[in-house]
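Structure record follows, encoded as structure tokens.
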Amino acid sequence: MEKFSTPQKYIDSLTPEQKEVIQFLHDKIAAMFPQFTPYMYETVFWGGSEQHIICYGKMTYKNSAGKEAEWFQIGLTQQKNYVSVYLTAVEDRQYVAEKYKDTLGKVSVGKSCIRFRKLENVNLDALFALMKKAVALAPK
């Protein structure tokens, strides 16, 4: 698996079309949350598919086994055919991405993941508002 030492090196590795979208979102998230230092998380899923996620913010939570774990508050990645934005937040026992999916436009949502093919398919105002909500809801 290729490792990227910085989010910008990951962004620079993308195709021009992918880079334009990810760079736009990365710049917007960085401006909205200057207190976060973006970092990379990399893993391999079943079947060997690589996942490179630009992460913003860190939080500590208790997993289902009751152990504390550290995770990101917002994640951003380019999949083969779409962009994924991860929002690690729960409100009223619902993942915020699922709870507010009807406000986001032409996207696919699963638990904490928002997926879309083109920026114009997304209600960006709603997406950025949801990011702010997710950060506000994160465990301190």
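Among Gly75, Gly105, which is the only one that is small (Gly, Ala, Ser), surrounded by 19 or more Cβ atoms within 10 Å (Cβ to Cβ), in contact with a Phe, Trp or Tyr (Cβ under 9 Å, 6 or more places away or on another chain) and at pLDDT 95 or above? I'd like the intermediate steps shown before the answer.
Numbers: Gly105 fails: surrounded by 19 or more Cβ atoms within 10 Å (Cβ to Cβ).
Result of the check over Gly75, Gly105: Gly75.
Of the conditions (1) in contact with a Phe, Trp or Tyr (Cβ under 6 Å, 6 or more places away or on another chain); (2) touching a residue at least 60 places away in the same chain (Cβ under 8 Å), Ile53 fails just one. Which one is it?
(2)
If I ask for residues that are of a type in the set (Ser, Thr, Tyr) and in a strand (DSSP E or B), which ones from segment 69-84 would you list? Steps first, please.
Residues of segment 69-84 of a type in the set (Ser, Thr, Tyr): 77, 82, 84.
The answer is Thr77, Ser84.
Answer yes or no: is there a residue in segment 45-63 that is among the charged types (D, E, K, R), modelled with pLDDT under 95 and not in a strand (DSSP E or B).
The answer is no, given that none of the residues of segment 45-63 is among the charged types (D, E, K, R), modelled with pLDDT under 95 and not in a strand (DSSP E or B).
When only residues in segment 1-52 that are farther than 17 Å from Gln73 by Cα and of a type in the set (Phe, Trp, Tyr) count, which is surrounded by the most Cβ atoms within 10 Å (Cβ to Cβ)?
The extreme case among them is Tyr10.
Starting from segment 15-43, take each residue that is modelled with pLDDT under 95 and list its partners that are basic (Lys, Arg), counting only C-beta distances under 9 angstrom and pairs at least six apart or across chains.
The qualifying pairs are Glu42/Lys3.
Are any residues in segment 108-140 under 20 Å from His52 (Cα atoms), within 14 Å of the chain's Cα centre (by Cα) and either at pLDDT 95 or above or assigned to a helix (DSSP H, G or I) (or both), and if so, which ones?
Narrowing segment 108-140 to residues under 20 Å from His52 (Cα atoms): 108-119, 131.
Those still in the list that are within 14 Å of the chain's Cα centre (by Cα) too: 108-116, 131.
Matches in segment 108-140: Ser108, Val109, Cys113, Ile114, Arg115, Phe116, Met131.
For Gly66, only one of the following conditions fails: (1) without any contact (Cβ under 8 Å) to a residue 24 or more places away in the chain; (2) part of a strand (DSSP E or B); (3) of a type outside the set (S, T, N, Q). What is its number?
It is condition (2) that Gly66 fails.
The values are calculated or read from the model by the stated rules, or taken from the named source; none is laboratory data. In this text, all values refer to a predicted model and were calculated from it rather than measured experimentally. All Cβ positions, even for glycine, are placed from backbone atoms using ideal geometry, and neighbour counts span all protein chains on display.
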